Amino acid sequence: MQLKISIPASSANLGPGFDSIGLALNRYLTLQVNEQEKWEIEHISHFLPLNTDYEDHFIYKIADTIAHWHNKTLPGCKVIVDSEIPLARGLGSSASAVLAGIELANQLCDLSLTDEQKLLYGTEIEGHPDNIAASLFGGIVVTAMTQNETIDYIKMPTPNLDIVAYIPNFELKTDRARNVLPQSFSIKNATKASAISNVMIASILTGDHTLAGKMMESDLFHEPYRSDLIPNYVMIKQEAKKGGAFGTVISGAGPTMISFTTSGKGAVVSAYMTGKLSKYEVDALKISRNGLRVHKTFSN
Ligand code: HSE
């Protein structure tokens with residue numbers, strides 16, 4: 001059996017949707033899997049480090065854990081990993097690798113996992129469902145961890161928006177970006193922060209992109225605390241607006257920032273911002289409507 005597993009990158013939060021909203025992006029992590037006697041993992045992406053022993057490989061360890069949770073053992077195989085997602089930049093590389101491990105175990109051990117189980121396992125490993133849900137389902141997904149063992153989620157109709165990403169040439173670990181956040185909010189501040197998120201979602205759904213951008217940039221949950229960790233934070237927001245974006249936010253925990261603009265304008269904003277950010281990779285992206293995909297072929 002041969003398998004191809006493809007998983008999109010993601011951007012979490014969209015400003016005020018902290019730990020709840022995620023968006024899938026058209027950059028992908030891809031695994032080519034061939035069954036063979038011994039385990040072997042090969043990288044063919046410049047975003048990935050030199051190959052390590054398969055037993056130390058993040059994706060293998062996730063797959064092995066999931067197999068054990070189901071009292072199974074992974075059969076041997078060769079996995080060729082390609083990735084268009086830079087590591088530790090706020091584009092969901094870890095969530096896509098977690099999902100890759102879950103799907104690998106699902107396929108190799110015939111676990112017949114449902115989407116809900118994959119979401120639950122991924123969230124248990126990641127700690128929050130936003131990136132996992134977006135990479136699993138594609139589009140924009142809104143999640144709520146209302147009770148233990150349950151994640152309520154809804155995939156929104158995918159809006160016609162272009163995304164521009166400003167990817168700096170340094171990493172920012174999520175733990176560090178979470179450590180600067182307050183442990184609690186007053187009821188007054190929490191109410192205001194969640195109202196901003198509510199209006200953002202409603203304005204995306206009704207196509208009021210100007211209001212959506214204003215709400216994205218009014219986040220009170222995390223951006224005010226993280227802005228000091230992100231070089232050029234204020235300049236990027238201001239310039240992107242001049243270049244035609246209606247809103248610019250930190251992608252996930254950063255350090256990448258992303259702008260939202262009307263469909264068809266991504267290349268214009270990207271060209272304008274490339275001139276302002278010489279040390280960044282500036283990339284016009286699309287929302288990936290597809291999430292995790294598996295293509296299986298059987299040889300005789
Ligand atoms: N919602 C998460 C955060 C995404 O902002 O910390 C990054 O893992």
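None of the figures in this text is laboratory data; all of them are computed from the coordinates on show. Here the structure is a predicted model, which is why all the values come from computation and not from measurement. Cβ atoms come from the backbone with ideal geometry, glycine included; neighbour counts cover every protein chain shown.
Would you be so kind as to identify which of 151, 97, 244 lies farthest towards the positive end of the dipole of the chain, taking Lys and Arg as +1 and Asp and Glu as -1 on Cβ and the Cα centre as origin?
It is 244.
Lys and Arg at +1, Asp and Glu at -1: add these up for the other residues within a Cβ distance under 13 Å of residue 216 and post the number.
Overall, the nearby charge balance is -1.
Taking each pair of distinct Cα atoms in the stretch 76-235 once, what is the resulting Kirkwood hydrodynamic radius in Å? Let's see the in-between values first.
Working: mean 1/r = 0.0555 Å⁻¹.
About 18.0 Å, per the Kirkwood formula over Cα pairs.
Can you tell me how the stretch 37-103 classifies by the Cα gyration tensor, rounded, prolate or oblate, using a/c under 1.5 as the rounded cut?
Details: a/c = 2.55, a/b = 1.42, b/c = 1.80.
Because a/c hits 1.5 or more and a/b fails to exceed b/c, the stretch 37-103 counts as oblate.
Is there a quick way to get the dipole size of the chain? I mean about its Cα centre, with the Cβ of Lys and Arg at +1 and of Asp and Glu at -1; what is the value in debye to the nearest 20? All intermediate terms of the calculation are to be shown ahead of the outcome.
Details: 26 positive and 31 negative charges, 213 e Å.
It comes to approximately 1020 debye.
Rg to Rh for the chain: what is it, with Cα atoms only and Rh by Kirkwood?
Working: Rg = 19.2 Å, Rh = 19.6 Å.
Result: Rg/Rh = 0.98.
Give me the number: length gained by fully extending residue 210 to residue 171, i.e. 0.36 nm times residue separation minus the C-alpha to C-alpha distance, one decimal in nm. Present the calculation step by step, with values, prior to reporting the outcome.
Values: separation 39, 0.36 × 39 = 14.04 nm, distance 3.08 nm.
Additional length available on full extension: 11.0 nm.
Can you compute the FRET efficiency between residue 281 and residue 198 using 1/(1 + (r/R0)^6), with r the Cβ-Cβ distance and R0 = 51 Å? Round to the nearest 0.05.
It comes to 0.95.
Anyone know which of 186, 94, 11 comes out most mobile in the 10 Å Cα GNM of the chain?
186
Considering Cα pairs under 8 angstrom that are at least six residues apart, work out the relative contact order of the stretch 20-172 and quote it in whole percent.
Details: 255 pairs, mean separation 42.5, N = 153.
Once divided by the residue count of the stretch 20-172, the mean separation gives 28 percent.
Any chance you could give the angle, 0 to 90 degrees and rounded to 10, that helix 58-69 forms with the longest Cα principal axis of the chain?
With both axes taken from Cα atoms, the answer is about 70 degrees.
So if I place +1 on the C-beta of Lys and Arg and -1 on the C-beta of Asp and Glu, and nothing else carries charge, what would the dipole magnitude of the stretch 161-286 be about its Cα centre? I want it in debye, nearest 20. Don't skip to the end; give the middle numbers.
Numbers: 14 positive and 11 negative charges, 37 e Å.
Dipole magnitude for the stretch 161-286 comes out near 180 debye.
Based on the alpha-carbon gyration tensor of the stretch 66-108 and its eigenvalue square roots a ≥ b ≥ c, which shape applies: rounded if a/c is under 1.5, prolate if not and a/b is larger than b/c, or oblate?
Values: a/c = 3.85, a/b = 1.87, b/c = 2.05.
In terms of gyration-tensor shape, oblate.
Please identify the chymotrypsin sites (Phe, Trp or Tyr not before Pro) of the stretch 115-195 that satisfy two criteria: DSSP loop assignment and at most 15 other Cβ atoms within 10 Å. Which are they?
Values: sites: 121, 137, 153, 166, 170, 185; in loops: 170, 185.
Taking the stretch 115-195 and a limit of 15 other Cβ atoms within 10 Å, the loop chymotrypsin sites (Phe, Trp or Tyr not before Pro) found are 170, 185.
Per q in 0.13, 0.20 1/Å, what log10 I(q)/I(0) does a Debye calculation on the alpha-carbon atoms of the stretch 1-149 return?
The Cα Debye sum returns log10 ratios of -0.54, -1.24.
Taking the highest mean first, how do the peptides 86-92, 109-115, 129-135 order by number of other beta carbon atoms within 10 angstrom per residue?
With the highest mean Cβ count within 10 Å placed first, the list reads 129-135, 86-92, 109-115.
Please report how many Lys pairs in the stretch 161-286 have alpha carbons closer than 12 angstrom, counting only residues at least 8 apart along the chain or sitting on separate chains.
On the way: 214/237; 214/241; 237/276; 242/276; 265/286.
Lysine pair count for the stretch 161-286: 5.
If neighbour count is taken as other Cβ atoms inside 10 Å, put 272, 28 in order from fewest to most.
Details: 272 17, 28 20.
Fewest to most other Cβ atoms nearby, the residues stand as 272, 28.
Per DSSP H run of at least 4 residues, take -39500 (n - 2.57); add these up for the chain, divide by its residues and hand me the 222 nm value, nearest 500 deg cm²/dmol.
Numbers: 10 runs with 106 residues, N = 300.
About -10500 deg cm²/dmol.
Starting from the Kirkwood radius over alpha-carbon pairs of the stretch 161-286, derive D by Stokes-Einstein at 37 °C in a medium of 0.692 mPa s and give it in µm² s⁻¹. Before the final figure, lay out each step's value.
Values: Rh = 15.0 Å.
In µm²/s, the coefficient is 218.
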